[in-house]
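Report on the structure given below.
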Amino acid sequence: MCQTYPFISRHVNEICDVCHLSKQRKLSYLPSLNKASKIFELIYLDIWGPYSKQFVHGGKYFLTILVDFSCYTWTNLLKFKADVQSNVEHFINFVETQFEIKVKNICFDNGHEFSLKYFMASKGILHQTSCIETPQQNGRFERKHQHILNVARTLMFQSHLPINFWSYVIKHVVYLINQVPSPIISNKTPFELLFKQPPDFVMLKVFGCLCYASTHVSHRHKFDPRARRGIFLGYQNGIKGYVIFYFDTKEFFISRNVQFNEMIFLFNNHDSTSQPNLSLPHGPTASPVDPFPVEPTTLPSAHRHNPAVDQPINHTIHFPSTCFDNPHSTTSSFPFETPSPHPPLNLTPQPPPR
């Protein structure tokens with residue numbers, strides 16, 4: 001402009017206040033070079049939720065903990081945001097006890113639920129945070145949540161589980177991600193980097209598939225069924241067994257003696273548009289919400305609790321019939337609310353998605 005019209009004066013050192021007020025944009029983001037050199041030197045924390053639908057045991061949140069060096073991930077289901085502080089404190093104590101190492105840096109956003117100033121000061125932990133309204137600075141965790149939800153949707157579409165079971169889906173997705181090689185860590189698994197040994201796939205089964213759990217000898221007679229039909233929902237911390245949802249009685253159970261048919265999905269034989277609103281009755285119940293976000297079922301033998309595996313542990317939760325309402329209908333009807341002892345089952349195999 002100044003070359004075309006020489007009479008226009010150019011003030012190089014002047015600050016144009018109007019230009020900043022009218023045209024200023026955000027600065028570009030450079031790739032982060034902040035990478036931990038050893039295990040638990042840096043961990044990321046973030047909370048996801050609230051989701052519009054409560055999970056089956058009550059709650060709309062989950063806390064995610066990511067170890068920067070190994071990409072190993074923990075998740076813990078939460079009923080309230082206020083539970084974050086106690087869960088983080090339990091996790092730090094767990095790391096110090098099980099791995100005999102100190103956490104040095106914790107990175108999380110400016111959420112009020114992360115009120116850990118005095119706790120981190122007592123432990124000598126440095127706090128790294130992102131600026132307000134700049135989720136790009138927390139991009140690694142945003143991508144981690146995107147990865148978890150992408151795989152979770154895949155399992156939900158394959159198993160046809162009601163939406164209230166999303167908590168079991170999230171826990172199982174994180175379990176799978178920790179066992180799968182990642183190009184970010186030179187095609188090694190997060191489990192291998194954390195525990196210095198490859199993962200064991202002996203107990204790995206297709207999520208949501210049909211399974212048959214043996215009944216207790218003390219609870220059956222000569223002509224009673226020797227097994228109960230259920231749906232595989234994953235694993236329970238500290239127990240060498242499988243979490244089973246009994247379709248007929250609508251209760252949860254943990255058992256070691258289970259046989260699987262991994263090509264059949266029981267919920268696929270019913271109307272997929274009906275999503276039961278499973279909510280717990282009042283009073284104390286057994287819940288899979290863990291006291292702290294740890295997965296002892298994936299730990300090596302040196303770190304794993306070893307219960308009497310021949311004794312299935314009963315974690316039974318009974319649901320009143322009114323809990324199974326169809327939100328897409330004005331009536332309180334559920335297509336399998338009062339099933340026959342042995343309802344018909346379509347045994348056509350459903351191949352898993354590639």
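A short reminder: the numbers here are calculations on the coordinates, not readings from a lab. Please read these numbers as outputs of a predicted model, since none were measured by experiment. Here the Cβ is made from the backbone with ideal geometry for all residues, glycine too, and neighbour counts use every protein chain on show.
Dividing the Cα radius of gyration by the Kirkwood radius, what Rg/Rh value follows for the stretch 42-176?
With Rg and the Kirkwood Rh in hand, the quotient comes to 0.97.
What distance in nm lies between label points placed 7 Å from Cα along the C-beta direction at SER122 and GLN136?
Label-label distance for SER122 and GLN136, simple model: 3.9 nm.
Over what distance in Å are the Cα centres of the stretch 9-69 and the stretch 94-146 separated?
13
Could you put ARG140, ARG220 in order, starting from the residue whose Cβ has the fewest other Cβ atoms within 10 Å?
By the 10 Å Cβ count, ascending, the order reads ARG220, ARG140.
For the stretch 41-184, what relative contact order do you get, as a whole percent, if you take Cα pairs closer than 8 Å and at least 6 residues apart?
23
Neighbour counts of other C-beta atoms within 10 Å: give me GLU41, GLU133 arranged from fewest to most.
Going from sparsest to densest Cβ surroundings: GLU133, GLU41.
Test of understanding: ordering ASP200, ASP224, ASP83 by Cβ neighbours within 10 Å, fewest first, what list do you get?
Taking fewest neighbouring Cβ atoms as first place, the list is ASP224, ASP200, ASP83.
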